[in-house]
Ligand code: SF4
């Protein structure tokens with residue numbers, strides 16, 4: 001019955017019971033006879049937190065829809081796309097408390113206990129070292145956040161969807177807290193889990209700039225051997241008219257830059273007794289010009305007007321970024337960028353047609369169950385659309 005509700009956008013459990021009671025097709029789908037009793041709506045309030053969750057039923061059900069799509073040949077497995085969008089949590093926007101310490105642990109609800117359990121997880125509490133300014137007492141895992149338009153609300157980063165680009169079959173879904181680091185972590189989890197569960201790893205992954213950080217690109221290129229069809233997150237281009245990093249020439253053999261004035265920028269301008277080859281803590285190498293060179297340089301006002309000497313930061317994952325930049329010049333990248341819109345269309349469908357614009361269940365597990373059931377419903381609708389039903393022969 002829950003699946004019927006998700007497939008046809010019936011969000012109220014009371015209404016779902018009424019619809020199944022009256023609609024013969026729904027009864028047939030739920031294997032209820034004409035005179036069978038329809039379960040009470042309160043069943044749906046209790047079952048998701050008990051039997052369903054203990055058996056991980058939502059994930060089993062969702063994975064079964066993916067297996068079915070694979071068997072029907074709807075999954076190519078060559079190109080995937082990943083994206084996430086926000087969904088409002090079931091929490092009043094004006095009833096927040098200032099920080100986690102304000103949560104009354106003595107009267108902790110199930111959602112609060114679940115939040116405490118995921119405080120160290122990379123997709124929730126571990127995404128950021130900055131403590132949240134406001135916390136919802138009824139669903140603290142939701143993040144106080146503002147969309148591009150409209151007032152701030154408590155929200156989850158829903159719909160971190162990983163889809164196959166052939167027919168936009170949803171391969172995996174993962175909830176996370178509503179900040180970018182959470183989405184990126186969710187993407188990594190989904191790629192690893194898809195490889196483990198279905199033994200499918202894509203050759204290319206399409207995503208937006210939010211997934212184009214140096215660490216993520218290095219993880220894709222070096223560890224996963226997946227081509228990143230992702231715009232590089234690059235802040236090296238200066239917009240104030242001064243020289244950008246591209247104006248400096250890098251010599252890989254000598255590991256140094258040469259500036260437009262012909263001076264050398266090196267990682268170390270002093271000779272150390274012991275060689276310093278440990279990786280930097282922030283994964284960024286810094287190449288510095290000599291103050292003696294910059295101080296008398298005629299180009300200083302166009303290079304580093306506010307600093308005594310120019311400094312060029314370079315990520316230790318620059319090779320992966322270069323690979324992504326090279327891919328961005330190919331025709332395949334243009335195709336991937338066009339195909340990436342399929343994820344956006346799934347989000348729009350979820351919101352407009354399946355009416356999932358606000359969660360009904362609370363806590364990380366509630367969000368996970370809702371996303372899995374919604375994704376299962378979208379895959380089932382795709383199967384129904386693309387695989388024609390066998391025609392019944394007259395008796
Ligand atoms: S300011 Fe320094 S780094 Fe910049 S061009 Fe002049 S010498 Fe080179």
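Taken together, the values in this text are just the output of simple stated rules run on the coordinates, not laboratory data. Just so it is clear, the structure is predicted and the values come from calculations on it, not from any experiment. For neighbour counting, all protein chains shown are included, and Cβ atoms are generated from backbone atoms with ideal geometry for every residue, glycine included.
Hey, any idea what the orientation-averaged projected area of the convex hull of segment 1-84's Cα atoms comes to, in nm²?
With the hull built on Cα positions only, its mean projection is 7.5 nm².
What's the ranking of 247-258, 292-303, 200-211 by average number of surrounding C-beta atoms within 10 Å, highest first?
200-211, 292-303, 247-258
Based on the alpha-carbon gyration tensor of segment 301-395, what equivalent-ellipsoid semi-axes (square roots of 5 times the eigenvalues) come out, in whole Å, largest first?
48, 23, 12
Per 0.36 nm of contour for each residue apart, how much would the distance between residue 18 and residue 222 grow if the chain were fully extended, relative to their Cα-Cα spacing?
68.1 nm
So, by mean Cβ neighbours within 10 angstrom, what's the order for 238-246, 349-357 with the highest one leading?
Packing order, densest peptide first, comes out as 349-357, 238-246.
Under a plain spin-label model, where a point goes 7 Å from the Cα along Cα-to-Cβ, how far apart in nm are residue 307 and residue 42?
Placing both labels 7 Å beyond Cα along the Cβ direction yields 6.7 nm.
Mind computing the radius of gyration and Dmax over the alpha-carbon atoms of segment 1-50? Å is fine for both.
According to the Cα coordinates of segment 1-50, Rg and Dmax are 10.3, 29 Å.
Which order do the peptides 15-27, 216-228, 59-71 come out in when sorted by mean C-beta neighbours inside 10 angstrom, highest first?
Ranking the peptides 15-27, 216-228, 59-71 by packing returns 216-228, 59-71, 15-27.
Percent relative contact order of segment 256-395, based on C-alpha pairs within less than 8 angstrom and at least six residues apart?
Result for segment 256-395 is 14 percent.
Kindly provide the pair-distance distribution of segment 185-284 built from C-alpha pairs, with 5 Å bins from 0 and whole-percent values in order of increasing distance.
Percent of pairs per bin, in order: 2, 9, 14, 16, 15, 14, 12, 9, 6, 3, 1, 0.
Extent of segment 245-315 along each principal axis, from alpha carbon coordinates, in Å, largest to smallest?
Projected onto the principal axes, the Cα atoms of segment 245-315 cover 35, 25, 23 Å.
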